[in-house]
1. Only sites in a loop by DSSP and with at most 16 other Cβ atoms within 10 Å count here; which chymotrypsin sites (Phe, Trp or Tyr not before Pro) in region B:105-198 make the cut?
2. Could you work out the longest stretch of chain A that avoids the trypsin sites (Lys or Arg not before Pro) located in DSSP loops with at most 10 other Cβ atoms within 10 Å?
3. When the chain is fully extended, how far beyond the present Cα-Cα distance does A:V30 get from A:D61, taking 0.36 nm per residue of separation?
4. What list of ³J(HN,Hα) couplings, whole Hz, do you get for region A:51-62 from phi and the Karplus terms 6.51, -1.76, 1.60, once you set θ to phi - 60° and write x for glycine and proline?
5. Give me the base-10 log of I(q)/I(0) for region A:3-65 at each q in 0.16, 0.18, 0.26 Å⁻¹, Debye formula, one uniform scatterer per Cα, rounded to two decimals.
6. Please compute the length gained on full extension between B:W142 and B:N8, using 0.36 nm multiplied by the number of residues separating them and subtracting their Cα-Cα distance.
7. Could you work out the mean count of beta carbons from other protein chains within 10 Å of each residue's beta carbon in B:192-198?
8. Rounded to the nearest 0.05, what FRET efficiency is calculated for A:L18 and B:Q189 with R0 set to 35 Å and r the Cβ-Cβ distance?
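Just so it is clear, none of the values below were taken in a lab; they were calculated from the coordinates. This one's a predicted model, so the numbers in the text were calculated from it and none came from an experiment. Note that we place each Cβ from the backbone using ideal geometry, even for glycine, and neighbour counts take in every protein chain shown.
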Amino acid sequence: MAMIVRLDRVLADRKMALNILAQKTGISVVNLSNLKTGKVRAIRFSTLEAICQALHCQPGDLLEYEADAGLSPE
Amino acid sequence: MSLLGRINNPEKLAGIIAKYLTFLNVLIIVLIVLSVVSCVRIVMGSDISIWEPEMNPVLSLGNGIRYLVDAPVVDGGSKSLSRDLATIVGLIIFEVVVLVVIRSSRAVLRSVAEKRPFDQENPKRIRNIAVVVIVSGFLSPWLTYFLTRHELKLYNLEVFSIRYRPDGNSISLGLLLLVLAGVFAYGCQLQQEIGKTI
């Protein structure tokens, strides 16, 4: 997938465990784990907002775009 | 709750219809058993009224007295026997088809009653019902045509003619169900998307 979630990196930078983030955002640990491992297909703005608020970061810190191999920019 | 209230609440309505279908399911199973018993009885020899002069009393299962007469003595002979057998076998096939439709419909309605209408199995179930309805739209009139033609030949009534015409209503309903299965498949896809969104 072209979109990569860098939640693990941001959590490591903030030295925060996933269950603490779950408590702060109200999102279940299972869902956060799925997000961290890239198992989700989409993310709501409200979810993104809650994570950014808890981690004091920007959406750009959490998401990264990586072009798929074999796909041209056109 | 009034009928209008039930219609406005699809989960409740689906639950009621599913219960009704459970009753029908049992009824069809009983009918299949009875048809199979009739089939066996036809093979053994056709029953006639007790006042028939050619009656031939015999003891049958359960020590009950049954009056059996060889099929050729009564009417049409082996032709009549094969006709009766064809009718019963046709009936059994029809009942099995109805049973499949009832069971699939009940499963769909139960999923609706349990508030999960976009169950992954539902498009397949609806498609199966559609295929059965379309096929029966062709097959059922053909069976009627075949048996009626057979009867006309048997009683030398060939001056009457009968035409095979597929059942347009069943075919239209089946096609509509196929479209509905497609809609449900799309709904399942959306449901899956929602499930993978956090």
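1. Working: sites: B:F118, B:F138, B:W142, B:Y145, B:F146, B:Y155, B:F160, B:Y164, B:F184, B:Y186; in loops: B:F118, B:Y155, B:F160, B:Y164.
Those satisfying the criteria are B:Y155, B:F160, B:Y164.
2. After excluding every exposed loop site, the longest remaining stretch is A:45-74.
3. 9.0 nm
4. Calculated HN-Hα couplings, in order: 5, 4, 5, 6, 9, 6, 9, 9, x, x, 6, 8 Hz.
5. Reported log10 I(q)/I(0), two decimals: -0.42, -0.54, -1.30.
6. Result for the pair: 44.2 nm of gain on full extension.
7. 5
8. Efficiency for this residue pair is about 0.70.
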